[in-house]
1. Using R₀ = 22 Å, calculate the FRET efficiency as 1/(1 + (r/R₀)^6) where r is the Cβ-Cβ separation of Ile151 and Val129; round to 0.05.
2. Taking the alpha-carbon centroid of each part, what is the distance from the range 1-65 to the range 90-142 in angstrom?
3. When the accessible area of the range 1-113 is computed with all protein chains present and a 1.4 Å probe, what percentage of it is carbon and sulfur?
4. Skip the ligands, DNA and RNA, and give the accessible area per residue of the chain with a 1.4 Å probe, whole Å².
5. Largest first and in whole Å, give the semi-axes of the range 107-192's equivalent ellipsoid, each being the square root of 5 times a Cα gyration tensor eigenvalue.
6. Please report the net charge: other residues with Cβ closer than 12 Å to the Cβ of Ile52, K and R +1, D and E -1.
7. So for the pair Glu100, Arg113, with labels modelled 7 Å out along Cα→Cβ, what separation do we get in nm?
8. Under a Cβ-Cβ cut-off of 12 Å, what is the net charge of the residues other than Leu179 that fall near it, where Lys and Arg count +1 and Asp and Glu count -1?
Amino acid sequence: MVSNYKIRAPYFEIGPKCFMWGERMLKLAKAVDKVAAKYDLDVIITPQYADIRLLAENTERIHVYAQHMDSLRPGRGLGSVLPESIKEAGAVGVMLNHAEKPLDMETLEKTIRRADEVGLATIVCADTVEEIRQIALLSPNLIVAEPTDLIGTGVASDMGYVRDTIEAVRKINPDIMVLQGAGISGPDDVAN
């Protein structure tokens, strides 16, 4: 079941990975926050874990998501990312199954359920149309349709892939929003 969390189209996701953190990340987040307010946009930013609270406490419009989390419960788990900790730090959601941090379907399902339990929205990355169908059955809030082979190439997905991925999700659950990723490198890609 998709939670009550809503993000409005058009929306954007900015994933700085490990290229940006601390004061530099805050400076970007504040700039994005101003643009989001000016144009009434929803923007997801996935900072480093240590920066979640910094961004959440110093911005008003952006949606701060963690880059990943684990499905564990409070207790043992040294080195794991506890869902409750990212929620308490100010995150409203979590990105899962990125190409750099893939999860098998069983783990992904458990992790989406834990996010639901603690009130975190989920944005889940997927490569192929078939994987997108499988993930849609797990009812995340958003799916990033992102061919792994195109990540970092500057080549965007073709419109056939875009249409097929959106249609696949809509047939399963029209409440799940779909974001097209990989290769987005200029204003024309964003407009498309």
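The values are calculated or read from the model by the stated rules, or taken from the named source; none is laboratory data. Quick caveat: nothing in here was measured; it's all calculated off a predicted structure. Note: ideal-geometry Cβ built from the backbone for every residue, glycine included; neighbour counts use all protein chains shown. When the accessible area is computed, the model is the full protein with side chains, heavy atoms only, and any ligands, DNA or RNA have been set aside. Shrake-Rupley method; radii C 1.70, N 1.55, O 1.52, S 1.80 Å.
1. 0.85
2. Computed from Cα coordinates, the inter-centre distance equals 18 Å.
3. Taking all protein chains in place, the range 1-113 shows 56 percent carbon and sulfur surface.
4. For the chain, the solvent-accessible area averages 53 Å² per residue.
5. Here the semi-axes work out to 23, 14, 11 Å.
6. -1
7. Between Glu100 and Arg113, the label points sit 3.0 nm apart.
8. My count for the surroundings of Leu179 gives -3.
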